[in-house]
Amino acid sequence: MRITAAEALVRSLEEEKVEVVFGYPGGAVLEIYDALFFNKKIKHVLTRSEQAAAHAASGYARVSGKVGVCIATSGPGATNLVTGIATAYMDSIPIVAITGQVPLSQIGGDMFQEVDITGATAPFTKHNYLVKNAGDIPRIVKEAFHIASTGRPGPVLIDLPRDVAREKIDFTYPEEVSLKGYKPTLQGHPLQIVKAVEAINSAKRPVILAGGGVISSGAHDELMRLAETADIPVTVSLMGIGSFPSEHPLFLGMAGTHGMPWANEALKKADLIIALGCRFNDRLTGGAGGFNKNTKIIHVDVDPAEIGKNVKVDIPIVGDIKNVLCELLKRIEKRSRKDWKDYLEGLKGEDVVEGCGDISPLDIIGELYKQTRGELIVTTDVGAHQMWTARCYKFKHPRSFITSGGLGTMGYGLPAAIGAKIANPNKQVIHITGDGSFQMNFAELATLRENDLSVKIILFNNRGLGLVKELQDIHCGGRYSQVHFGFLPDFVKLSESYGIKALRVESKKELEEAISTMLEEEGSFLLECILTMDVRVKSMLGKEEAYESHAGSLG
Amino acid sequence: MKATLAVLVENHPGVLSRVAGLFARRGFNIESLAVGPTDNPEISRMTIVVDGDERVIEQIKKQLNKLVDVIKVSFIEPENSVSRELVMIKVNTEPEKRSEIIGIAEIFRANIIDVSRDSMIIELTGDKDKVNAMEEILRPFGIKELVRTGIIAMNRGSKCIESPEQ
Ligand SMILES: Cc1ncc(C[n+]2csc(CCOP(=O)(O)OP(=O)(O)O)c2C)c(N)n1
Ligand SMILES: [Mg+2]
């Protein structure tokens with residue numbers, strides 16, 4: 001039977017076992033939405049902006065491990081997706097974004113709502129397509145899902161001109177993809193594995209640095225076995241949070257400019273760093289103030305371009321982390337490294353936050369931990385609240401901490417929580433946000449309500465842009481430029497106007513009960529916590545040098 | 001350090017802009033770029049001369065490999081390869097200088113492909129040094145226009161750069 005290319009697109013999504021798509025309609029995607037109208041298998045979630053659709057797809061992907069899908073119309077719909085696509089790209093999240101386009105015959109004519117979205121997104125998609133032949137749709141969708149989800153995951157965009165969407169084709173879905181230029185290396189080179197095994201077995205002060213790649217390759221069990229067998233302390237990057245349980249005695253916490261001083265110290269003093277699926281970006285290396293020249297580095301990553309990009313590596317291994325760890329584990333010897341562990345243990349201290357009023361951010365996160373014990377999914381926005389959450393909540397499971405690490409996109413967390421809840425309806429989903437970030441995408445409260453989703457929102461209200469204010473302290477001599485909000489809505493009433501219960505707390509003694517009320521509420525809930533504007537993130541970093549590097553990389 | 005890369009790519013529209021865009025956004029320097037289809041019409045070959053230290057050149061190769069449309073990236077070693085560039089030079093030819101210019105063209109084994117009353121177009125093929133040398137010698141006569149194709153290069157001997165599936 002002959003069907004339109006738009007119908008073929010939707011059929012192809014079915015073939016890829018897509019259960020949900022996030023999107024927003026418009027003139028250039030009428031045919032696609034018409035095809036969705038008749039479809040019974042795919043649920044469409046109407047967000048309140050296209051940016052939110054892309055973030056929701058990303059949250060869904062991160063929690064489910066599957067590919068997230070979002071749809072937008074041409075022109076402004078497509079450009080609204082851009083921030084979400086770039087956010088997913090920087091964090092290596094598999095999403096497929098579908099955009100409408102003006103008719104192929106008119107492309108280049110500056111038509112109404114025309115924008116070159118394949119050109120615009122080339123720098124931050126793993127690949128993208130402008131569909132010119134309707135018959136290519138099944139192949140392109142198959143390739144897009146394959147590219148998005150294999151190797152180093154990432155976003156792929158498909159731009160479908162309206163006249164092409166209307167053409168009729170015979171639909172058959174390909175069984176396989178054949179891409180000459182895309183064959184990720186998944187098995188580590190045996191010789192490199194041997195070298196790594198020798199280095200690990202003979203190291204005195206090894207440390208494992210786990211990044212987001214451990215989570216995306218599903219290698220957390222293998223990571224645990226490596227750490228426990230060889231008795232190696234584990235630190236993580238922001239993206240690696242959740243790859244190793246925080247309560248484990250070998251866990252050092254997050255490293256980097258916003259990380260734990262002892263985790264950075266471990267990287268500095270180590271004779272061997274085993275870096276797994278992390279990219280040594282400036283926020284991470286900055287915390288250690290550069291590494292010791294004599295430290296050997298083993299770097300395992302599925303993306304060969306990450307190896308040697310930011311630091312010099314002694315033993316590079318290109319491959320899927322899970323595969324590589326399985327190979328390593330065959331030959332790793334049991335060790336006990338008491339002295340090294342004792343040394344690091346001696347450096348550990350309590351997290352403190354200065355400048356608090358009645359409530360310290362740590363009180364909130366501490367209480368949340370007490371009542372949830374790591375059995376939840378947290379999404380965050382970007383700012384001081386994000387760093388406190390990353391540092392202080394004791395995450396237990398992979399795919400339970402969802403944050404915009406690489407791009408640092410304010411407004412990510414609420415739509416990501418929507419995707420997360422749909423991916424895992426049985427888990428408590430908590431969105432931790434700031435007053436600034438929340439205002440960027442709070443329209444998604446409507447999406448929550450409309451879909452009867454239960455997401456608990458903890459809003460850290462410090463009446464402004466805390467993290468930027470801190471930067472202005474460090475770099476601008478305390479001249480605070482545009483970081484205080486002169487007006488804020490009443491967040492409790494705002495939430496209630498969406499039919500979402502809400503509560504405001506201003507003192508520590510109210511916290512325990514408020515958090516338990518929030519957790520017990522069946523539907524969504526917003527808990528606003530009043531903080532002072534002077535709470536600082538930096539207090540974790542005692543040393544001047546650490547402070548310096550911290551200051552340098554916040555921007 | 002300069003390096004010459006032979007890059008096999010899918011012969012689609014848009015591929016050139018992906019490659020050029022990659023160089024621009026990662027801050028890589030292109031010295032020269034030449035592109036055309038291979039004997040397989042589905043595959044084009046780019047010859048790209050780049051400048052950078054060893055680490056940068058390694059990154060260029062790896063980043064190119066990440067593009068889905070890029071099938072294969074190989075280095076061309078200067079010692080074991082031949083490289084050529086074609087240049088056309090439109091030069092001033094006052095009547096009394098005409099025979100001197102013809103003589104120079106002969107020495108370089110260049111062709112004169114167009115003659116008018118006061119100018120000539122000279123076509124020269126050669127490696128970069130030869131092309132540069134000719135340009136320098138013609139400069140005093142007055143070069144009115146110059147166009148070069150960019151370098152193309154190939155390994156000597158029977159070793160070939162081909163698509164993995166061929
Ligand atoms: C979209 C976007 N715009 C600007 C920034 C720069 N920025 C980083 S943190 C921050 C402050 C965020 O304020 P808020 O959400 O209230 O968090 P706080 O630091 O106060 O906890 C800003 C403006 C950003 N990261 N993202
Ligand atoms: Mg704030």
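The values are calculated or read from the model by the stated rules, or taken from the named source; none is laboratory data. The model shown is predicted, which means the values in this text are computed figures rather than measured ones. Ideal geometry is used to build each Cβ from the backbone, glycine not excepted, and the neighbour counts take in all protein chains shown. SASA here: full protein model, heavy atoms, side chains in, ligands and nucleic acids out. Shrake-Rupley method; radii C 1.70, N 1.55, O 1.52, S 1.80 Å.
A few comments on the model shown:
- Residue ID - least open to solvent (accessible area, probe 1.4 Å), chosen from residues in the range A:368-395 that are over 27 Å from residue A:409 (Cβ atoms) and either part of a helix (DSSP H, G or I) or within 16 Å of ligand 1 (Cβ to nearest atom) (or both): A:371
- Residues being more than 14 Å from every other protein chain (Cβ to nearest Cβ), among the polar types (S, T, N, Q) and either open to solvent by less than 40 Å² (accessible area, probe 1.4 Å) or in a loop (DSSP other than H, G, I, E, B) (or both) - total across the range A:102-118: 1
- Restricting the range A:64-87 to residues that are open to solvent by less than 10 Å² (accessible area, probe 1.4 Å) and out of contact with any Leu (no Cβ under 9 Å at 6 or more places or on another chain), the residue that is farthest from the other protein chains (Cβ to nearest Cβ): A:77
- Residue A:473 vs. criteria more than 16 Å from ligand 2 (Cβ to nearest atom), of a type in the set (D, E, K, R) and more than 14 Å from every other protein chain (Cβ to nearest Cβ): no
- Test result for residue A:60, closer than 22 Å to residue A:422 by Cα, within 14 Å of chain B (Cβ to nearest Cβ) and not aliphatic (A, V, I, L, M): no
- Against the list (1) part of a helix (DSSP H, G or I); (2) touching a strand residue (DSSP E or B) at 6+ places or on another chain (Cβ under 7 Å); (3) within 30 Å of residue B:45 (Cα to Cα), the condition residue B:129 fails is (2).
- Every pair of residues 6+ apart whose Cβ atoms lie under 8 Å, when the first sits in the range A:248-276 and is under 17 Å from residue A:396 (Cα atoms) and not assigned by TED's automatic domain parsing to the domain that holds residue A:225 while the second is of a type in the set (A, V, I, L, M, F, W, C) and open to solvent by less than 20 Å² (accessible area, probe 1.4 Å): none
- In the range A:416-451, the residues that are more than 11 Å from ligand 1 (Cβ to nearest atom) and within 20 Å of residue A:461 (Cβ to Cβ): A:417, A:430, A:431, A:442, A:443, A:444, A:445, A:448
- Taking the range A:335-367 as the range and being open to solvent by less than 30 Å² (accessible area, probe 1.4 Å) and assigned to a helix (DSSP H, G or I) as the test, the residues that pass are A:340, A:344, A:361, A:364, A:365, A:367.
- At least 2 residues being under 29 Å from the mean Cα position of the chain (by Cα) and not polar (S, T, N, Q) is the threshold, and among the strands (runs of 3 or more DSSP E) wholly inside the range A:141-222 those reaching it are A:156-161, A:206-210.
- Residue that is farthest from ligand 2 (Cβ to nearest atom) [pool: residues in the range A:457-470 that are closer than 14 Å to residue A:490 by Cα and in a loop (DSSP other than H, G, I, E, B)]: A:463
- The residues of the range B:64-73 that are assigned to a strand (DSSP E or B), open to solvent by less than 20 Å² (accessible area, probe 1.4 Å) and more than 7 Å from chain A (Cβ to nearest Cβ) amount to a single one, B:73.
- When residues of the range A:30-44 are limited to those that are of a type outside the set (S, T, N, Q) and in a loop (DSSP other than H, G, I, E, B), the one least open to solvent (accessible area, probe 1.4 Å): A:42
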